[in-house]
Each structure stands twice: as structure tokens, then as C-alpha cells.
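First up is the structure itself, then whatever we jot down about it.
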Amino acid sequence: MAARKLTSRFTKALRDLAITAAGAIFASASLMPVHAEGLLQNAPPADPFAFDPDFRWFEPVQDFDLIDMKPKYRAPHGWFATYDRLYLYGSRPETDDEIETEFLLDSGYGHRYEVGFMNEDDRGWSFNYTEHMVVENFTVRAEAANRFLDPANATSTDPTFGFIRPPGGGNNLGSDYRFFDVDDTFNHFKYKNFELNRTWRMEPYHYGGILEPMIGVRYINLIDFNQDELLNTFADLTSIAGQIFPETLVPQAVDQLLTDQSITENDMLLGQIGFRYFKYRHRFVYMGDFRVFSGQNWQSNARNTEELIVVYNDTAEVVTIGAPEIVIDNDATDPVFERNSEFVVGFEVRAEIGYQLTKMIQVRTGVTVLDIATGVWRGGETQGRALGGDQDQDLVMVGFNFGLSLNH
């Protein structure tokens with residue numbers, strides 16, 4: 001007997017056997033006791049995610065929804081977008097301080113947005129915008145000279161400390177209380193990043209992983225803030241008061257706040273290459289992203305010094321020429337500018353895991369590491385006590401991110 005006929009008869013026998021078994025099952029189900037039917041009715045419902053509904057109830061079923069496709073064709077095409085909330089720690093600047101603090105990291109927060117398009121030929125574009133900020137200051141709330149000044153016992157040569165003055169009387173302008181917040185910066189910067197990349201999608205690997213190489217341009221704007229403050233209370237009354245007030249006025253107390261501040265801006269125009277790798281595992285997606293960049297950094301720095309002087313009279317109020325109300329003398333030097341340029345090299349790497357809520361929507365979380373290894377000016381330079389920073393140093397940011405992606 002031919003093998004074809006033998007196979008046909010064997011297949012027909014298996015089909016008849018399956019039909020007979022199904023009929024027996026349905027017949028026995030009709031004779032099932034009432035209590036058994038109740039058990040089936042009380043059975044828990046099936047997991048809806050087991051049927052992959054995708055919550056797209058109004059989309060008609062297509063043929064390709066019913067066949068087992070290669071991983072390449074399961075990767076999405078068309079427009080895509082992502083959003084990530086960033087919680088990254090940033091390294092401190094390298095200054096001329098004897099205590100080395102550049103190895104310390106301070107917490108910050110930011111956002112990352114990405115939009116792009118991948119066509120059916122597996123070529124596309126992507127645009128990325130990232131902003132992040134770290135603010136770490138050391139602030140001391142120092143008492144102003146009139147915080148405990150008792151006008152009943154004060155003299156021109158011996159200001160007496162007594163009862164706390166009531167709020168609202170002789171408060172400092174800009175603060176509404178009798179304190180000075182003396183603020184020194186440890187780590188304060190704002191980071192902005194713009195990217196435009198050309199991407200390609202390669203053939204999937206044997207176990208389903210997909211690689212997307214990329215090449216593009218990158219612009220980074222990094223603004224570093226540096227400030228150092230010093231409060232002198234009961235300073236040289238004669239020299240300070242004589243510069244502002246008439247000789248007939250004898251002040252009771254003087255506050256002098258000196259501020260050295262420096263703002264450094266780094267504008268980096270860079271070229272970069274990298275890749276994105278992802279792999280599907282049921283509803284989970286494992287992703288990795290690596291980019292290395294290099295280019296030129298144009299640096300500019302502006303620094304100046306401010307002096308704030310507050311003089312108090314016999315009633316512990318701030319005094320001025322010809323008026324009993326509050327006034328503050330504020331003097332600042334003209335800014336001093338300096339420019340420089342450095343060569344920049346760095347990299348960025350991300351590792352993430354996502355979960356597909358639907359075919360279009362994915363939630364994800366991961367870790368991010370960014371290292372601008374050379375060519376960054378931080379810490380600034382000041383005219384006074386603040387410590388300047390090197391014009392060729394690094395910036396490291398590392399931390400966590402979580403967010404959403406649409407069709408990506």
C-alpha cells in the first residue's frame with residue numbers, strides 16, 4: 001500500500017475518534033448533576049491577558065493577527081513616542097578646595113521625551129529632548145543685627161541684646177523676617193540635551209533580539225551656578241556708615257552681606273553613534289541603549305560681587321536718609337566675562353525593562369548612566385572668596401527612570 005494512502009486513512013481514523021470522544025463529552029455534560037454545574041458556574045473567570053485582547057475592540061481582525069510572525073514583524077512601525085521621569089545623581093564640580101568633593105553625588109530630577117518614525121523599510125528618524133537639574137546648597141540662617149536689639153537699652157556704642165522684636169517691625173526687605181539666609185553652593189547645574197538620529201532596524205537574531213544602529217548629532221547646554229556668601233554683623237560702623245549716611249547719624253548696628261557669584265555656560269555641539277537593542281519575552285520587553293559622542297564645547301563665564309549693607313538706628317529700624325522707613329543699600333560690581341573652548345568625549349548607556357499593557361502602550365523602568373568625560377567647565381571663577389573650577393573636567397549622572405512608550 002502506498003504511503004500516501006496509509007497516511008490518509010490514519011488521519012481519517014484519528015478524526016473519527018476525536019469526533020466520537022467529543023460527542024461522548026457533550027452527552028455526559030448534559031447528564032451532569034446540578035451541584036456539579038454550580039461548581040462550574042462558580043469557577044473563577046479566565047485571565048483576559050491570556051487571550052491577548054490589546055483592548056482594541058473596534059479594530060477588525062486581519063489575517064496577520066492569526067499567524068505566527070517572525071520577531072522582526074512584531075516590532076512596531078510608524079510613529080512612536082516615549083516619556084521618562086528621571087531621578088539622576090550628579091557629580092560635584094572639581095574646585096581648588098583642599099577637601100576633594102568631586103567624587104560625591106547629589107540627587108536631582110528631570111524629564112526625557114522622544115518622538116520618531118520607523119517606516120516599513122526599517123529606516124527611521126528619532127528626536128530626543130532631555131532636561132535635568134541638580135541643586136545642592138549649604139544654607140545657614142543667620143540672625144540679623146536687630147534680631148534681639150532692645151531699643152530701650154541700646155546706645156550708639158553698645159548695642160544691647162534683649163527681647164525679640166515683634167514680627168513686622170524693621171524686617172529686612174526681601175525676606176520679611178530678621179534673618180539672612182547665607183547660601184553657599186555645592187552642586188548646582190541645569191542640563192539640557194537635544195538629539196537627532198538616523199536609525200536602522202537589522203534582521204532579528206536567532207533568539208528574537210533586534211538591533212537598531214543609529215548615527216546623529218547632539219547639542220548639550222550645561223549651565224553651572226556657583227555662589228559664596230559671607231555675613232558680617234556689627235562690622236566697622238564708621239567706615240560703612242560714613243559711605244552712605246550723613247555724619248550726624250550714629251547707627252546702632254550694621255549687617256554686611258558679601259556675595260561672590262559665578263555662572264558658567266557650556267554649549268556642546270557633538271556627533272554621536274550608538275545602537276538600541278530589544279527583545280520580546282511574552283509581554284515583557286528587555287531593552288538596552290548605548291551612545292558615544294564627541295565634539296567641541298564653547299564655554300563662557302560671567303562673575304561679579306555684590307555687597308548688601310543694612311544700618312539700624314536707635315529704634316532698631318532700618319534707617320535711610322530723610323525717611324524713617326526701611327531701605328537697603330545694595331552695590332554690585334560689573335560682571336567680568338571669560339571665554340574658552342575644550343574638546344568633549346562622553347557616553348550614555350541605558351538598561352530598561354518594559355511591560356506591554358496593550359500592543360501600543362508600554363510601561364517601563366530602568367537605569368541611566370551619562371558620563372561627559374572631558375571638556376566641561378564647572379565651579380566657575382570669582383573675584384572674591386569662592387573657589388574656581390577647572391575648565392577641563394567631567395560630569396557624571398547616574399540614576400533611575402520610569403515612564404511610558406507608545407508604539408515603540
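Quick look at the values:
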read-out: Using distinct alpha-carbon pairs, which all enter the 1/r mean, Kirkwood radius of segment 179-233 in Å; value: 16.1
read-out: Segment 250-298, dipole about Cα centre (Lys/Arg Cβ +1, Asp/Glu Cβ -1), debye to the nearest 20; value: 860
read-out: Contour minus Cα-Cα distance for V115 and I353 (0.36 nm per residue); value: 83.8 nm
read-out: Placed amide H near E94: partners under 5 Å, 5+ positions off or other chain; value: D390
read-out: Gain in span if fully extended, D267 to W125, counting 0.36 nm per residue against the direct Cα distance; value: 48.7 nm
read-out: V140 paired with D390, simple spin-label distance in nm, labels 7 Å along Cα-to-beta-carbon; value: 2.9
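Computed from the coordinates by the stated procedures, all read-outs in this text should not be read as laboratory data. Just so you know, these numbers come straight off a predicted model, no measurement behind them. Positions of Cβ are generated from backbone atoms using ideal geometry, with glycine treated the same way; all protein chains shown enter the neighbour counts.
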